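Report on the following structure.
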Amino acid sequence: MEQVNTEEMVKAILGSIDEAIHVVDNNGVTIFYNNIAAKHDGVSIEEVLGKHLLHAFPSLTEKTSTLLKVIASKKPIFHLPQTYKNIRGELIDTVNTTIPIIVNDNIVGAVEIAKDYSKMKLLSQKLMDLQSKLNITTKKPKKINGAKYTFGDILTVNKAVEHVKEQAKKIAKNASTVLVYGETGSGKELLVHAIHNESIRKSGAFIVQNCAALPENLLEGLLFGTVKGSYTGAVDRPGLFEIAHGGTLFLDEINSMPLELQAKLLRVLEDGLVRRVGSEFAYQVDVRVIVALNETPANCLKNNQLRPDLYYRLNVLSLEIPPLRARKDDITFLLKYFVASYNQSSVMGAIHINEEVYEYINNYSWPGNIRELKHTVEYAMTLLDGKELTLEHLPHNIISSVKKNNEVLIERHQTIKPLREVLSQTEKTMIESAIQTAQGNIQQAAKMLQIPRQTLQYKMKKFNL
């Protein structure tokens with residue numbers, strides 16, 4: 001049987017993959033380039049293979065080429081969208097992942113894998129066009145400025161939350177940066193909406209961005225904007241700071257933002273100047289920034305998720321929303337409210353809530369907080385086929401979690417002996433030890449225990465010693 005060359009086998013495998021693959025050595029010279037990549041770029045394999053990347057693609061530079069960037073930084077770039085025209089004038093949309101090739105701690109090259117989304121994007125646009133033509137309804141979506149909720153939408157009977165609301169109303173009148181922290185689902189975004197709607201900026205834009213939703217390279221361009229040519233496919237586009245000029249920018253889960261990007265955010269907060277990615281010029285913006293953490297600032301600082309200098313700049317005004325498990329009075333209150341709201345929308349009539357349901361929901365830890373409670377009610381009301389909400393309508397995870405916690409509490413209770421019993425046993429042990437040390441001399445043992453001889457004799461009789 002003819003022996004197959006390993007290198008030829010690898011090339012055959014890579015060549016058969018339905019994704020564009022481009023490999024360069026550490027000098028930027030192409031050592032592998034498959035047919036899909038050549039089709040994307042509108043060139044032949046021979047025009048690229050064995051040539052330096054910048055010679056084969058003159059439109060690229062060391063700054064815009066992701067392959068050269070990865071070789072220089074030794075760090076991978078994941079899922080980077082790129083839009084460009086090949087030499088045939090065809091618009092190509094890809095999502096690229098570029099990874100350094102490291103052997104024995106030395107970088108020997110880089111590989112880029114590109115998925116073509118051009119056809120999918122074109123099909124999506126055609127479907128949207130078709131849908132808009134077929135849509136004959138006269139109903140139009142309600143236009144909302146961005147901030148939907150007010151302080152009246154924050155429902156609570158808990159004193160701690162009421163105090164937070166009162167603080168927030170005062171803070172709303174101020175123009176300073178606000179830091180809000182609380183667990184996921186505890187109501188941070190509602191509070192931020194309300195602050196904007198109570199402020200003098202309420203007629204301005206209200207922009208929300210979750211910092212955990214995008215990778216660093218996309219988040220930077222989204223926040224600060226881009227200029228054409230700053231990277232492959234980049235266009236002149238304002239960032240969220242420019243769009244939110246005169247209004248409020250809410251950055252959620254800021255502890256997920258890379259530390260390097262946090263430094264750029266700090267500079268914007270200090271001087272109000274925003275520089276688009278790749279631009280020589282800066283824009284002066286007037287934006288109130290509100291940020292949120294889903295962990296305590298202390299934990300974020302300890303885990304190196306938040307720069308100390310940024311934290312001290314953000315912590316001018318701060319608000320902490322307690323978790324639902326710390327607001328037992330709100331659990332029952334909100335349960336009744338959500339059930340009533342669901343009734344109103346579904347016209348089911350009055351619903352009786354079984355006492356066992358109250359017991360279980362008050363003993364559950366609610367890691368998802370108010371959001372989880374709301375979804376639990378939605379789940380229960382979907383299953384409801386009568387007029388009484390019972391345990392059988394609650395999600396299984398809540399039932400099993402409460403039962404498990406109860407079993408643990410019972411087990412702990414069983415392992416804890418009554419105090420009287422423990423003290424009595426301890427007293428007996430000490431008397432036995434004192435008598436043994438005094439070699440049976442009762443008077444001497446009583447002195448050691450610092451009690452009268454008569455008392456010792458009484459206790460010895462009591463313990464049959």
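The values are calculated or read from the model by the stated rules, or taken from the named source; none is laboratory data. Quick caveat: nothing in here was measured; it's all calculated off a predicted structure. Please note: Cβ atoms are built from the backbone with ideal geometry, for glycine as well, and neighbour counts cover all protein chains shown.
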**Prompt:** Which pairs have Cβ atoms under 9 Å, sit 6 or more apart or on different chains, and link a residue in the range 159-180 that is under 19 Å from Glu270 (Cα atoms) and exposed (fewer than 12 other Cβ atoms within 10 Å of the Cβ) to one that is among the aromatic types (Phe, Trp, Tyr) and modelled with pLDDT of 95 or more?
**Reply:** none
**Asked** Any residue at all in the range 94-113 that is modelled with pLDDT of 85 or more, under 22 Å from Ala20 (Cβ atoms) and of a type in the set (Gly, Ala, Ser)?
**Response** yes
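Name the helices (runs of 4 or more DSSP H) wholly inside the range 216-331 in which the number of residues that are surrounded by 14 or more Cβ atoms within 10 Å (Cβ to Cβ) and modelled with pLDDT under 90 is 2 or more. Don't jump to the end; show me each part of the working.
Values: elements: 216-224, 240-243, 259-271, 297-302, 308-314.
Fully inside the range 216-331 and qualifying: 216-224.
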**Asked** If you scan the range 419-465, which residues turn out to be of a type in the set (Val, Ile, Thr) and either assigned to a helix (DSSP H, G or I) or in contact with a Pro (Cβ under 9 Å, 6 or more places away or on another chain) (or both)?
**Response** Val422, Thr426, Thr429, Ile431, Ile435, Thr437, Ile442, Thr455
**Asked** Lys336 fails exactly one of the following numbered conditions: (1) within 27 Å of the chain's Cα centre (by Cα); (2) modelled with pLDDT of 90 or more; (3) of a type outside the set (Phe, Trp, Tyr). What is the number of that condition?
**Response** (1)
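May I ask you to verify whether Ile154 is β-branched (Val, Ile, Thr), in contact with a helix residue (DSSP H, G or I) (Cβ under 8 Å, 6 or more places away or on another chain) and at pLDDT 80 or above? Reasoning before the result, please.
Working: β-branched (Val, Ile, Thr): yes; in contact with a helix residue (DSSP H, G or I) (Cβ under 8 Å, 6 or more places away or on another chain): yes; at pLDDT 80 or above: yes.
Judged against the criteria, Ile154 is a match.
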**Prompt:** When residues of the range 198-215 are filtered for being in contact with a strand residue (DSSP E or B) (Cβ under 8 Å, 6 or more places away or on another chain) and either surrounded by 18 or more Cβ atoms within 10 Å (Cβ to Cβ) or modelled with pLDDT of 90 or more (or both), how many remain?
**Reply:** 10
